[in-house]
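The values are calculated or read from the model by the stated rules, or taken from the named source; none is laboratory data. None of the values given here were measured: they were computed from a predicted structure. All Cβ positions, glycine included, derive from the backbone under ideal geometry; neighbour counts span all protein chains shown.
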C-alpha cells in the first residue's frame with residue numbers, strides 16, 4: 001500500500017502556502033524556462049532556411065548547397081523536438097510533485113471545512129488541485145512562458161528593417177489591449193458563473209441524498225426549482241461572459257485575418273524600395289507572425305489561465321485557514337479525564353449560541369447521561385465534546401488538552417463516537433468497524449460481541465466481508481446503530497461519546513447497549529451519552545440536564561433520580577405538610593422529571 005504524504009505545507013502566518021510549494025520547485029521551473037528560451041530560439045530555423053534557399057540556392061542553382069542546408073536544418077529539427085519532449089516530461093513530473101506535496105493537505109482541509117461549515121463543495125476544492133496540475137502540464141503554462149519572446153522576434157525584425165519591428169510591436173500591443181479588456185469584462189462574470197454552477201451542483205448532490213423522501217413527499221418540483229434558480233444564474237452569467245468575449249474575439253479575429261496580408265504587403269513594399277531582399281519578404285512575414293503568435297496563444301488559453309488563477313487563490317485560502325487544524329500534537333493517549341468550563345457552543349458558520357455556560361467534570365471510568373427535551377442542545381454538546389465544534393468561549397478539555405485543538409488524526413483513533421446520523425463507507429463490515437484502518441480480527445469480533453452483533457453479522461451474505469455503503473448490503477435502522485456502536489468501541493477507547501445511541505434499538509439491542517456501557521465503565525473508559533430513555537439513565541454515574549441550551553443541573557445520577565421520585569409525592573392543596581413526608585425536591589427535579597419522562 002502506498003504511503004500517503006502527511007507533511008503540512010502551511011505554516012503560521014503563511015498566507016500563500018501554494019506559492020511556497022511552487023517556490024520549492026523553482027529550479028525545475030527555471031530549467032523549463034531555459035529550455036523554452038532554446039526552443040523559441042530554434043524556431044527561427046525555418047526562417048533562416050527559407051531565406052538562404054531563396055537568396056542563395058536559387059541564385060547559384062547549387063544542389064550541394066541545398067542538400068547541405070537541408071541536412072543541417074533536419075538536425076536542428078531533431079534537436080528542437082527532443083527539447084520539447086524533455087520539457088513536456090519535466091512539466092508532467094513537476095505537476096505530479098506538486099500534487100504529491102499538496103493532495104493530502106487539500107483533502108484534509110476540504111474535509112474539515114465541510115464538517116465546520118457544511119455549505120462547502122468539497123468536489124470543487126479537490127478539483128482545484130486537478131485544475132492547477134492540468135495548468136502546469138498543458139498549453140496554458142507554455143503560453144505564459146512563450147509570451148516574453150514576442151519582444152525577441154520584434155527585435156530580430158528590427159535587424160531586417162525598423163518598419164517590420166514597428167508593425168509587429170503595434171499589432172502585439174493592440175492584441176494585449178484586447179486581452180486586457182476581455183479579462184476586465186469577463187473575469188468577474190465568469191467568477192459569478194462558477195460560484196452559481198458550484199452551488200447548483202451542491203444543491204443537486206444534496207437532493208440525491210434525499211431522493212426517496214423527495215419522491216415520496218412530492219417535493220421534486222420544489223427541489224428542481226431550487227436547483228434551477230442556481231443553474232439559471234450560471235447560464236445567465238455564462239452567456240453574458242460569452243457575449244463579451246465574442247465582441248472582443250471579433251476584433252482580435254479581424255486582426256488575425258488581416259495581419260498576414262498586411263505584413264506581406266509591408267514586406268513587398270520594402271523589397272520594392274530595395275530595403276530588403278526578395279527572400280526576406282517571406283522571412284519578414286514569418287517573423288511578424290512569430291512575434292504576434294505568443295500573444296494569440298495567450299488569448300486562446302486565457303480562460304484556462306483565469307480558471308487556474310482562481311483555483312490557486314481558493315487553494316491558498318483553504319490551506320492558510322486550515323493551518324490551526326493541521327498542527328500535529330504528539331501527546332500521550334487520552335485516559336478519559338474530561339473538564340468543561342463555561343463552554344459556549346455556536347454552530348460553525350453561525351453567530352447565535354445554542355449552548356451557554358456548560359460546566360462539569362468527569363474522571364476516568366465515569367458514565368454521564370445528558371438528558372433534556374428536544375432542541376435542548378444535546379447533540380450540539382456531543383459535537384463539542386468530540387472537538388468537532390470549537391467553543392466560542394470557555395473550554396472543553398480531554399486530559400487537559402483543548403479537544404478542538406487536538407489533531408483528529410492523532411486522537412481520533414483513540415476515542416469513540418456514535419453520531420445521530422449514521423452512514424458507512426464503501427467497504428466491508430470488518431473494514432467499517434475497524435474504521436477503514438488495518439483490521440485486527442480479534443478487536444473487530446470483540447467490538448461486535450460487546451453490542452451483541454456477532455451472530456447477526458454471521459448471517460449477512462458474506463459475514464464480516466459483506467460490503468456496506470450506498471451500493472452495499474441494506475441494513476435495518478437497529479443494525480446500523482449497533483454497527484456504529486461497534487465502530488465506536490473498537491479497541492476499547494478510553495473516551496466514548498454516543499448521541500442517542502438507542503433511538504432505533506429494540507429491547508434486545510438496548511440490553512446489549514447497557515451491557516456495552518457497563519463493560520466500558522469496568523475497563524476505565526469515560527462514557528458520555530445523550531438519551532431520553534430511563535433505562536440508560538439507570539446505569540450512569542452522573543447526569544447533566546439541559547434545557548433551551550442551558551445547563552439546568554449536574555450531579556450524581558442516583559441523587560437526581562431520587563429527587564424525581566420525591567417530586568412525585570405532592571401534598572393536598574391547602575393542607576399542612578406532613579412531617580413524615582420526604583424532604584422537598586431539589587430545584588433541578590422538575591426539569592429532570594420532564595427530561596426522563
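I need a count of the residues in region 391-417 that are modelled with pLDDT of 85 or more and either within 18 Å of residue 359 (Cβ to Cβ) or surrounded by 23 or more Cβ atoms within 10 Å (Cβ to Cβ) (or both). Residues meeting the conditions: 10. The residue of region 73-104 that is farthest from residue 145 (Cα to Cα), among those that are free of Cβ contacts under 8 Å to residues at least 60 places away in the same chain and within 19 Å of the chain's Cα centre (by Cα), is 99. Could you please let me know if residue 85 is loosely packed, with under 12 Cβ neighbours inside 10 Å and part of a helix (DSSP H, G or I)? Here the answer is yes, as residue 85 does meet what is asked. Checking 94, 178 one by one, the residue that is assigned by TED's automatic domain parsing to the domain that holds residue 31, buried (at least 20 other Cβ atoms within 10 Å of the Cβ) and farther than 17 Å from residue 40 by Cα is 94 and no other. Taking region 440-469 as the range and being in contact with a helix residue (DSSP H, G or I) (Cβ under 6 Å, 6 or more places away or on another chain), in a helix (DSSP H, G or I) and within 14 Å of residue 485 (Cβ to Cβ) as the test, the residues that pass are 444, 447, 448, 450, 454, 457. Checked against the criterion of being under 16 Å from residue 415 (Cα atoms), part of a loop (DSSP other than H, G, I, E, B) and in contact with a helix residue (DSSP H, G or I) (Cβ under 8 Å, 6 or more places away or on another chain), region 504-521 has no qualifying residue.
Take the conditions modelled with pLDDT of 90 or more and surrounded by fewer than 22 Cβ atoms within 10 Å (Cβ to Cβ) and apply them to residue 361. Does it pass?
Working: modelled with pLDDT of 90 or more: yes; surrounded by fewer than 22 Cβ atoms within 10 Å (Cβ to Cβ): yes.
Against the criterion (modelled with pLDDT of 90 or more and surrounded by fewer than 22 Cβ atoms within 10 Å (Cβ to Cβ)), residue 361 qualifies.
Criterion applied to 512, 553, 585 was being modelled with pLDDT of 65 or more, surrounded by 15 or more Cβ atoms within 10 Å (Cβ to Cβ) and more than 30 Å from residue 456 (Cα to Cα), and the one residue passing it is 553. Within region 398-439, the set of residues being touching a residue at least 12 places away in the same chain (Cβ under 8 Å), assigned to a loop (DSSP other than H, G, I, E, B) and on the phi < 0 side of the Ramachandran plot comprises 406, 407, 415, 419, 420, 422, 424, 425, 426, 434, 437. Each residue in region 473-484 was checked for being buried (at least 18 other Cβ atoms within 10 Å of the Cβ), in contact with a strand residue (DSSP E or B) (Cβ under 9 Å, 6 or more places away or on another chain) and over 13 Å from residue 435 (Cβ atoms), and 2 pass. Hey, among the residues in region 37-82 that are more than 15 Å from residue 142 (Cα to Cα) and outside any helix (DSSP H, G or I), which one's modelled with the highest pLDDT? That would be 44. Of the residues making up region 379-393, those that are under 19 Å from residue 363 (Cα atoms) and either assigned to a strand (DSSP E or B) or out of contact with any helix residue (DSSP H, G or I) (no Cβ under 9 Å at 6 or more places or on another chain) (or both) are 381, 382. Residue count for region 132-148 under the criterion of being modelled with pLDDT of 80 or more and either closer than 30 Å to residue 349 by Cα or surrounded by fewer than 16 Cβ atoms within 10 Å (Cβ to Cβ) (or both): the result is 1.
Screening residue 125 with (1) modelled with pLDDT of 75 or more; (2) buried (at least 17 other Cβ atoms within 10 Å of the Cβ) gives one miss only, at (1).
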